[in-house]
Structure formats: C-alpha cells, structure tokens
C-alpha cells in the first residue's frame, strides 16, 4: 500500500476524536479559552444537551480580525511560543487544537471583537467548507456557537447518549471550571432555562454555592504551605460521606485533574475515619511551580505528571491527615458559636464556668484508660461535677434527697423531679467554650450519653467514642514502641483451635506479639496460656482479645501486621477494650469520657468510620417544639 499524507480535514477529524469525545468535551475547551482570555463574565447556553447547540459568550480581550481564520487552524495558539513556555505553561489551553477540531465536526460560528476595534467580525465554518468572514455587532469579547455536533460524522454521533445524560456531563464540565475560578461570574442555560447563576465571589462562597450549604457546614478549611507546595480548599468531615465520587474535585495550578497519586494520598488520609465503602467529598487546590508538573500528558489535559511525585504525595497526605486529626476542641475553637438560652435558676454563681480545666476533670496523667477504674461514687471523685450540678439545681432539690443521690441516679426522671417549675427562668452565662462537648446529664438505654454544651444537646455513642480513644492511644504507643505490658499474676489458659495454635507457633522467633504488648505460650496442641496483656487493655476480656489478635495475625501475616496492617490489628484491640453497651456509668465517668474525646484526634469517628457524637442545637430543638412560631 502506498504511504501518503492525510488531508487536513481528516487530520482534524481524527484529532477531534481524541479532544471532543462528547459535547461536554467541547464545552470544557471553550470555557478554558474564555478563562484564558481574561473574562470576568461567562455565559453558556445549551440546547438538547449541547448536541443541537453549544454557545459560550465571554467578555474577554477578544480576537483580532486577521487572526479569526487562524484560530480555526490546527496548532495555532497565542499561549505558547517555545518549548520553555510549554514546560511552565500557566494557561489552561496550549495545544491550539480545540477550535480546529470542533469546527471540523460541526457548524461553528466564531464572533469576536477587541476593545480597540470599531466593530466585531464573524467567521463561519462548516465541515470541509472554507470559512467565511463578515462584519458583526458585538461588545468586546467573544461568542462561539457550535451547531449540530457530529453532523458530518454520523457514526460518532450514534455513540452519544440521551439529552439528559449529555447535559449532565456538560453541567459537570461547567461546575469544574466554575469552581476553579471563583473570581469569574458564570451563567448556565439549557433549552432556554437558567440552570445555574454564579456571581463572582470568594472561594469559600463559590464552593458553598456549587456544592451546597450542607457540604460547607460539615467541611474543614485547609490551607497548608511547605517546600514550594501549597494546598488549600475545603474537605468534608468524615461524617459527610458519599456513596460515589461525585463530589471530589482536585485542581493543580487551577486545572481540574484526575491523578492517581493525589487520589491515593487523599484515600490514605481518610482511611482511618471512613465507614465501609463510602467516599469523602472535597474541593482541593494544589499550587506549585509550573516547571515541576507536566500538563502535556493527555489530549484532554485531565492528567498530569509530577517531577517530585513522592514529595507531592507526602505533602497532600500530611496536610489532610493533620486537618482530619484535629480534636473536637480545636475544631470547635475555629467555629463561631451563638450563645444559647440556658434554663438555670436566677442568681446562679457563674464561678463554676471560670474554673481551670484541671478542676473540672481528673488529670489525664493520673487517670487510667477509660474502663472500670473510675470512682463509682460521685462524692469520692466528682467534687467539680457536684458543684456543676449544684449550679444546675441548687436549692430546688427536695430536702430528703441529697446531692449525691441525685447525681448517682443517672436518671432523667430524677433530674426532672427536682426542678421547680414555678421558678422563673432567666438566661445565664454560656457553658465554657473550652469544653465543646459540654457536661453529661445522663445515659440513654445504656448506649448513649446525653450532654449539654453551649450550643444545645450532644448525644454520644459511648462505645464508639471510647473505641477511638483507645485506638489513638494504642497507635501512639506503638509508634513510640512503648505499649506497656501487664503480666498476669495467674496466667489464663483457654481451649484453642488448631489454626490459633499454628499461628502462635509460627510467631516463634518474632517479637510481633511483644511489640503489641502480649505474651502468649502454647501449653498443648489445644491449649494456649495468656501470661501478659497490654496495660491499657487490662480490663478487657483477655481470652477474647487474644483470640481476636491471633485471628488478625493469621489473616494478615505476622510480617505485614506491623508494617501494612497495624491499624486493623490495633482497631481490633481497641474494640475489645472499649466500654460495652448497657454498662451503667457515673456522671464522673461520662464527663471523663467527654474530656478524653475533646483531647483525642479524629474523635468524631470510631476506627470503623462511624460517627461518635452528634450535636442537636437549641434552634433545632425550638423548631421541633415550634417555639417562637
């Protein structure tokens, strides 16, 4: 067969197959051109999902009359001139293929006017026909109209989906560009109806306008800068979990990308706090020297390659890990709180709210891991709690009922019985902001702790919360190789399955169990003895704990546990050590748990990713009871 050059039109149509996959691809290219043109207002009008018409209007600097025909020519661009420009390109577009590719498979009309020009000029291109230039009326800026996409390539048009599906893809492309440029106003119309209208605003407000107030209310603002890398944006707290990846946006130097390296770093940062197969939501912007990233990797420009990929991975991971690891107190301190109306009796002394933290709780260094070692009588260790609840109820209790009886009852009915309903109620000082989870009021069905804080009511899953506390302590201890061991005065032996015995025997010569704080020995082919367990887990069921650890060691392999699977094993240990449901706690124990949660990283989720507490605001309660309506 003879080798010959392809016609220019066929070359453009082949390129269009790579660049213009569907109407959304064409819209993306046109929006990027408008952004690069310095526009402050961009309008998009679609018909039939962009298949019938795709129109983009901007107020950018426009195209000169002599360059209109050149704009529809392949590899013609004003954005780069040399290889050096390409290696540090700062614009969204740079190949000069988009308009030529779009024009080769559609009926395209390009109208533009520069500010200094007396009037606008228009050029029309239809497939293989030569473009026609004519004068037109237009303010400064550019209008690109793409009619009947794929009209001359019917085979390609057959692969397009329904109108609604194609519009959905166009809307996604519009959203990505709108998120990347909050300083530009955007308007999206479909079949003559306005779908989205976004005014130029701050990045936070633009993200809120696009992803919604629910996302914004449950998100953390990130802004980290290190070693020439800057990461900023909003990432949702783990409680805002999604079933799909539809709310994940990453921009590198203002360009939307899908990068496996970045995705892996984000996934690792969330691995400890996401539940099951749920996905996080985020809008993140990574900024770095353009010469350190290659954007010329894929025709669609959605993939990039970093020169220092490991440094980028570590930076993103540590930035997100730090943000997600904030304690409840740190998160609360960064959020404004409205002063609520609290039903304390008049004349209450507010000194309790100004006491130092060490008087409110037992010091952490004197307190064991939350388990069974706290005082069971509130009068023996809860003077502060007595004083606090004295402020709540004061002289309103019946004479025959002393304060300790009230506090130890763990009963909301008793609390209700001591409040005199005929006493006037007046607002009093807010609960101290340094205690964002507030103070315990009682237990609900032996599972939840009810607490009152400055915003309203807090409901805590005590097992899930204590599980996270133990998990974080075990992780910290293991990282410092300091999991303390508690030898048992009398070893505990139990009947073991063959696989458990075999797993233990395979660990001979390995210090894996010792690093985890265990000492186990094989007594017979069917018996294992427990001689020591981790000190912080001394109140756990030793046999169940040993079985669970041996099961994990068998599943993951001893060689991988402390390297790749340590979180899974420590999570198992924490789960067995956490306080169980239906265990009655004293007020002191509940408050101690709340204080531990405030001081523990990622305490908003257990190590399985489930939430550990919820806030119910006074406004929500007022709404439930229709107060003020």
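No value in this document is a laboratory result; all are computed from the given coordinates. Remember, it's a predicted structure, so these values are computed and weren't measured experimentally. In this analysis, Cβ positions are derived from the backbone assuming ideal geometry, glycine residues included, and neighbour counts consider all displayed protein chains.
General remarks:
- Each Cα pair under 8 Å and six or more residues apart adds its sequence gap; the mean of these over the residue count of region 433-510 is a relative contact order of 15 percent.
- Residue 524/residue 447 FRET efficiency (R0 35 Å; Cβ-Cβ; nearest 0.05): 0.30
- Gain in span if fully extended, residue 117 to residue 310, counting 0.36 nm per residue against the direct Cα distance: 64.5 nm
- Region 204-324: translational diffusion in µm²/s, Stokes-Einstein, Kirkwood Rh over Cα pairs, 20 °C, 1.002 mPa s: 146 µm²/s
- When only alpha carbons are used to place a centre, region 160-177 and region 464-499 end up 52 Å from one another.
- The alpha carbon centroids of region 535-589 and region 22-63 are separated by 56 Å.
- Taken along its principal axes, the alpha carbon cloud of region 512-599 reaches lengths of 46, 29, 20 Å, longest axis first.
- What separates the Cα centres of region 98-127 and region 240-286 is a distance of 38 Å.
- Estimated FRET transfer efficiency (residue 6, residue 292; beta-carbon r; R0 41 Å; 0.05): 0.65
- Based on the reciprocal of the average 1/r between different C-alpha atoms, the Kirkwood radius for region 127-234 equals 17.8 Å.
- Ranking of 54, 229, 550 by count of other Cβ atoms within 10 Å, fewest first: 229, 550, 54
- Sorting 317, 285 from the fewest to the most surrounding beta carbons within 10 angstrom yields 317, 285.
- Which of 36, 539 has the fewest Cβ neighbours within 10 Å, and the rest in rising order: 539, 36
- In this calculation the C-beta distance from residue 159 to residue 531 is compared with R0 = 51 Å, giving a FRET efficiency of 0.15.
- Relative contact order [Cα under 8 Å, 6+ residues apart], region 204-324, whole percent: 30 percent
- Additional length obtainable on full extension of the chain from residue 275 to residue 243, 0.36 nm per residue less Cα span: 10.5 nm
- Relative contact order of region 108-150, taken over Cα pairs closer than 8 Å and 6 or more residues apart, is 46 percent.
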